[in-house]
Structures are given as structure tokens and as C-alpha cells.
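The values are calculated or read from the model by the stated rules, or taken from the named source; none is laboratory data. This one's a predicted model, so the numbers in the text were calculated from it and none came from an experiment. No Cβ is skipped: glycine too gets one built from the backbone with ideal geometry, and neighbour counts run over all protein chains shown.
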Amino acid sequence: MKDHRFITVERILKTGVVNFLRNIWISIAAIAMITITLTILLFAIVANATFANSITDLTSRIDVSVYLKDSVTEQQSNQLIADLKKVENVKSIEYVSKEQALKDFREDHANDPETLSAVSETDNTLPASLKVKPNDPNRLQTIKDFLDKKEIQALQSEPTSYSGERKEAIDSIAKATDFFRKAGIVGIIVFIIISMLIIFNTIRMAIFNRRDELIIMRLLGASPWYIKGPFVVETMMYGIMAAIVSIVIVWGLFAIASTLEVSSLLDIDFSRNYFSRHLWLIVIAQIGAGIIIGAASSAVATRRYLKLK
Amino acid sequence: MILLDRVTKVYDRREAALERVSLHVESKEFVVIVGASGAGKSTLFKLLTREEKPTSGKIIVGAIDYEDLKDKDIPKLRRKIGVVFQDFKLLSNKTVTENVAFALEIAGATNAEIKHTVPKVLDVVGLKDKARSYPRQLSGGEKQRVAIARAIVRQPKILIADEPTGNLDPKHAWDVIKVLEKINRFGTTVLLTTHNQEIVNYLKRRVVTIRDGKVVSDRAVGSYKTV
């Protein structure tokens, strides 16, 4: 009995491969359709990750700068740091001394001698500052409230800067963050559903073309699985090949895009890195999805032709 | 071997395609079923292959009572009966050899058995030299002989052929009939449906005539009377 089963499985596999090759044009057409769908899906996933990363990157740059008067002593500034650390939503505090501020300023304006001449070591008008990074840039109120206290304001040389004039812009971006993250996930799910429908339909069409074959086999007394098996094998091969082709396409496009000028603008490097970092996961997921969707679609699509009256 | 007892088949609310048909076919018999198109021959055929269920009546083939047949046992039943169709029903993606081998594969024969049996059967139907051709490269008569080879390769006790000569020119039709006679001589019960008068008269076998879904005559050595 075991022997018999082995023969059956072997025949199903062999027939699947032979059918794949003999119907090579239908196979290629089906693979092309599935490849396009999987490629779009893969792009959507990488784009979503890149976008999420850009948002994270942007929000991490938001900080609150507290400019200290020159008269503030080291002890006072240390006390202020210690107090700030206790405030809710404070992630980290970086102390920037007057000297450091000057150094940074010079680096920032290295190509601008006129501005550079306005400051010098002997006449350093730049204040020391604390750069306060929040955990959640949407909730700066607690930090603001603390800094607005009279005794704290007394230590500050100028009003607190919430990353300068860009505050409002950054505020709205930060608020949009959450929305876009959720929208990205919903988008991916919609894409997955559409992909599955397209792949299912492609396979259904391929099987519809060969329904006579199924009906004949049924009339000759082949068991449902003996008929279905080769189709399942065949469609699994579509899935595997389409997955590989789509990965090669996406990888190739990123490789080309990263050499183009726009690459820094669109953060192609991140996308490419993300892709390489998750390559194995992507390969496994794509092939796995290809196999599962392929097998399930053909199993469902053949069913109507295999009804035994 | 084949027993039909007052079998009636009515397709959805239409007139009965078969009405109280009773028929008893002995082992190794060669029975010709004649009748005009629409008389009910094909329905009878579909009942025997269990493509259709009778509305009422009893069908027993071999030792199998169709009433007790479960869906999952239908493939097994079909493997026991050799079937030849008017439109050949060959698998277009498979070669002649593969088409014939398919019947053995689904029955679970070993590769060695298949290798041994298939060429022999192709020899019987005179298609040894077409073994590697695809159906589209064959003439109608050749296709029908492939179908017969496929039907007999499992050495079934019963062979039913539904208008196997219907789509063939006279020369090829005779080839097919001769093959069927040969198979019958080897001991297979043959049930042949046709409306070809010449064939019926030539065969000189039992002839069952069906008209409007009813058996109107059953003669031991029959001839065909146009109705």
C-alpha cells in the first residue's frame, strides 16, 4: 500500500512538471500575471517600510532647545538637567556648551566666511543649550509647562525653541505619522487581497482552458486527487517562479535606482538596505505565498469539474 | 453481467429520457443498442458509467449495485468498465502511449507493468507506429482506436462503446468494429450503441432497439430496421 502511494505521488509530481512544460505558453502567461502582482505587492511593502522609516527619522529629529544664559553656573545647569529628566515624555537630554555651539556653528557655515567672521572665540555670543528629545513629539506640552515655570525661565537666555519656526510643520507631520502608519498597513492588506484575487483568477482561467482534460480523467475513473494533484503541482511552480522573478525585478530596480540622482531624495538606500536585510524573509514569504495561493487556487478551481454525479 | 431493472430517467421536469427499461446482458455477450438520435441511447450509457443517476429502477453491473455506490467509490467503478466515447475524449496533452498508460496509472499499476502492457495493446489496435504521436496528429479512426486501446488496457470485463463510429468515415468505422469484435472474442462483454444500419447487419449479434426511451425490440440475432 505504501508502495502504491509512493508511485501515485511520484506520478502526480512528474505529470505536474510535464504539464507545466507542455503548456509552456499558458505557464508563462500565468507566471507573468502572478509576477506583476507579487512585484507590486513587494514594492508596496518596501515603500511602506521606507515611509515609516522616514517618519520615524523625522520625528526623532524633533527636539526642544533650551538656551541658557551665560550666567548660569555648572551646578545650575546640572540641576536643570536632573529636573528635566524627571519630566514626563523626556527621552534624552544633550548638553551643548558654548564652545561646542561655536564649533557646530563654524561647521554649519564653513562656506560662508562673512557669517563666520561675526563670531570668534573671544567674543562667543552663542549660548550654551540643552537639547531635549521627547519620546512622543505629539505631546510636548509637559515639557513646555516645565520650561515655562518662572524660575526655569530665569535661566534661559531666549524663549524656548521647539525646533525653530518649523515647529508647526513638524507638529502636523508628527500628527500625520500615526495616520500614515495605519494607512500603510491597511494599504498592504488591500494589496494582498487584490493580489490573491488576481492570482486566483489567473489560475482559474488556466484551468478553465483545460476543463475537458479534467472531465475526461474523471470519466476514466481517476480519483479526484489524482486529477487535481498535477494541477496543484503546476500552479505551485507558477507561484515559485513568479516569486523568484518578482524578487529579482525588485532587487534589480533598487540597484538601478540607487545609482540615480534622485536616490537620496527618495531614500532608495534605505529601501535597498531594508530589502537586503529582509531578503530571506522576503524570499520565504513570497515563495510560501506563491505556493499556498497557487495550491489553494487550483484546488478550488478544479473542484467544480470534479464533481462526481 | 449487466442488469437493468425498470430503469427510468427523467431530466429536470422534461419527458422521460428512459422509461422502465429492463435489460439483461450475459457475460461475454456482444450487444448492439440501436435507435435514432435522442432515443435514449446516450442516457443509458451515462447511467452505466454513473455520470447520471436513474430516477427510479435498479442497475447492477458486475456485482455492483449502483444504489449502494458511494461517491468515493465511483472512480473505482469506472476503472472496472472500459469506455469508448463518440468524441474519443483523448487527453490532448498526452501522447498515444501516455493516453493509454493513463488508464493504468490511475489504477495504480507499476511502471514495469505499464511498460510491458501498453505496447501490446497498441499492437492489438494497430497503432504501434503512432505510439509517440499526439492526438492532434492522428486521423479520426486512429483516435478512436487509441480510445479503444485505453478502454481495454485494464482488461475490463465490460466494454461499453457509445457511437464509436459516429464521427468516422466508413473505412475507419470498420476498423473500429473489427477491433471490438476481436476484444469480444478475448472474452470481454461488449455493449455497443450505434445508429449505423450496415454495421448492425454485418455484426449479426443481439440487437436491442430503443425508441422514445423504451425498449421496443430485443432480438438474439438482430438486424436494423429503420424506424
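What's the number of the only condition in (1) touching a strand residue (DSSP E or B) at 6+ places or on another chain (Cβ under 9 Å); (2) buried (at least 21 other Cβ atoms within 10 Å of the Cβ); (3) part of a helix (DSSP H, G or I) that B:T165 fails to meet? B:T165 satisfies every listed condition except (3).
Considering only the range B:46-53, I want to know if a residue exists there that is under 14 Å from B:K214 (Cα atoms), in a helix (DSSP H, G or I) and either without any contact (Cβ under 8 Å) to a residue 24 or more places away in the chain or not charged (D, E, K, R) (or both). The answer is no; no qualifying residue exists.
Scanning the range B:103-132 for residues that are within 14 Å of another protein chain (Cβ to nearest Cβ), more than 23 Å from B:G187 (Cα to Cα) and buried (at least 17 other Cβ atoms within 10 Å of the Cβ) yields B:E105, B:I106, B:G108. Just one of (1) modelled with pLDDT under 90; (2) more than 14 Å from chain B (Cβ to nearest Cβ) fails for A:M237. It is (1). Scanning the range B:56-100 for residues that are more than 9 Å from every other protein chain (Cβ to nearest Cβ), hydrophobic (A, V, I, L, M, F, W, C) and touching a residue at least 24 places away in the same chain (Cβ under 8 Å) turns up B:I59, B:I60, B:V61, B:V84, B:F88, B:V96, B:V100. Applying the criterion of at least 1 residues that are away from chain B (no Cβ under 14 Å), farther than 30 Å from A:G288 by Cα and not small (G, A, S) to the helices (runs of 4 or more DSSP H) found wholly in the range A:1-94 leaves A:24-60, A:74-86. Among residues of the range B:43-55 being more than 10 Å from every other protein chain (Cβ to nearest Cβ) and of a type in the set (V, I, T), the one that is farthest from B:V176 (Cα to Cα) is B:T55.
With respect to being surrounded by 16 or more Cβ atoms within 10 Å (Cβ to Cβ) and at pLDDT 80 or above, A:A222 fits the description. Quick check on my filter: what residues within the range B:63-103 are touching a strand residue (DSSP E or B) at 6+ places or on another chain (Cβ under 7 Å) and part of a loop (DSSP other than H, G, I, E, B)? Matches in the range B:63-103: B:F85, B:Q86.
Working carefully through the options A:N201, A:N209, find the one that is modelled with pLDDT under 90, farther than 18 Å from A:I12 by Cα and either within 14 Å of chain B (Cβ to nearest Cβ) or in contact with a Phe, Trp or Tyr (Cβ under 6 Å, 6 or more places away or on another chain) (or both).
Values: A:N201 fails: either within 14 Å of chain B (Cβ to nearest Cβ) or in contact with a Phe, Trp or Tyr (Cβ under 6 Å, 6 or more places away or on another chain) (or both).
Going through A:N201, A:N209 in turn, the sole match is A:N209.
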